[in-house]
Amino acid sequence: MRRTRAPRKAEITRTVRLLLACAIICSCRGSGAEVARVGSPKGDVEGVVVETNGGATTSFGYDIYVVASGKAPEASRLVATLYGALRNEHSSGVNLTWSSSDVLLVEFMEAKIAKVVMPVIRIGPHQVWVALSDGNVDPRAPAGGMLMNVSRER
């Protein structure tokens, strides 16, 4: 009985394709840096914006987290994600606004992709509702990405 190599070759090909797809997806996320942190009116919870940059040929990404005050963002606290978000014609990014002590608005002019990942999140005894709000032009937002402007301010 002759043994065929087709199943083994197919398995290797599938594995290589899977690894390649993972590498491409990971490289698109690029690097990430915290660019804004806004405390709730009660001061015990914060909204955090992390800007991701996949490189020169991609738009900026923005991941929004809700965390206990002073805590670092973590994947389980991701509440919204945006790609290609603008605050005005020349400024990439989003603004966070607390409309009340338990409602966080993610404001932006427009975005290529905007998605609420977790509309309600519990932080300790508090529940926070998260909503996207497009059509908000921020004429005071400086040109460029948020990280570039945070770096300039330092």
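FYI, it's all coordinate maths here, none of it is from the lab. Keep in mind that what you see is a predicted model, and the values were worked out from it rather than measured. Here Cβ is always computed from backbone atoms with ideal geometry, including for glycine, and neighbour counts include all displayed protein chains.
Express in nm, to one decimal, how much length is gained between ALA75 and ARG122 on full extension, taking 0.36 nm for each residue of separation and deducting their alpha carbon distance. Can you show the working numbers first?
On the way: separation 47, 0.36 × 47 = 16.92 nm, distance 1.42 nm.
Answer, rounded to one decimal: 15.5 nm.
From the phi angles alone, apply the Karplus equation (6.51, -1.76, 1.60; θ = phi - 60°) to region 113-128 and give each ³J(HN,Hα) in whole Hz, x where the residue is Gly or Pro.
9, 9, 9, 7, 8, 9, x, 9, 9, 9, 10, x, x, 9, 10, 10
Taking loop as defined by DSSP and a crowding limit of 14 other beta carbons within 10 Å, which GluC sites (Glu not before Pro) in region 45-125 fit? Each step should come with its number before you reach the end.
On the way: sites: GLU46, GLU51, GLU74, GLU89, GLU107, GLU110; in loops: GLU74, GLU89.
Loop-located and lightly packed - GLU74, GLU89.
Enumerate the amide H contacts of ASN136 below 5 Å, restricted to partners 5 or more residues apart or on another chain; note that Pro and chain-start residues carry no placed amide H.
HN-HN under 5 Å from ASN136: PHE108, MET109.
Separation between the VAL103 and ASN149 pseudo-spin-labels, each 7 Å from Cα along Cα→Cβ, expressed in nm?
Using points 7 Å along Cα→Cβ, the separation is 2.5 nm.
Out of region 81-126, which trypsin sites (Lys or Arg not before Pro) are coil in DSSP terms and have no more than 12 other C-beta atoms within 10 Å?
On the way: sites: ARG87, LYS112, LYS115, ARG122; in loops: LYS112.
Sites meeting the loop and neighbour criteria: LYS112.
Please list the non-local residues whose amide H lies under 5 Å from the amide H of VAL79, H modeled 1.01 Å from N, same-chain partners needing a gap of 5 or more.
ILE64, TYR65, VAL66
How much FRET efficiency would the formula 1/(1 + (r/R0)^6) give for ASN136 and ARG37, where r is the Cβ-Cβ distance and R0 is 25 Å, rounded to 0.05?
On the way: r = 19 Å, r/R0 = 0.77.
Working from the Cβ atoms, E equals 0.85.
For the ranges 99-105, 128-134, what's the packing order if you count other beta-carbon atoms within 10 Å of each residue, average per peptide, and put the highest first?
Details: 99-105: 15.3, 128-134: 17.0.
Final packing ranking: 128-134, 99-105.
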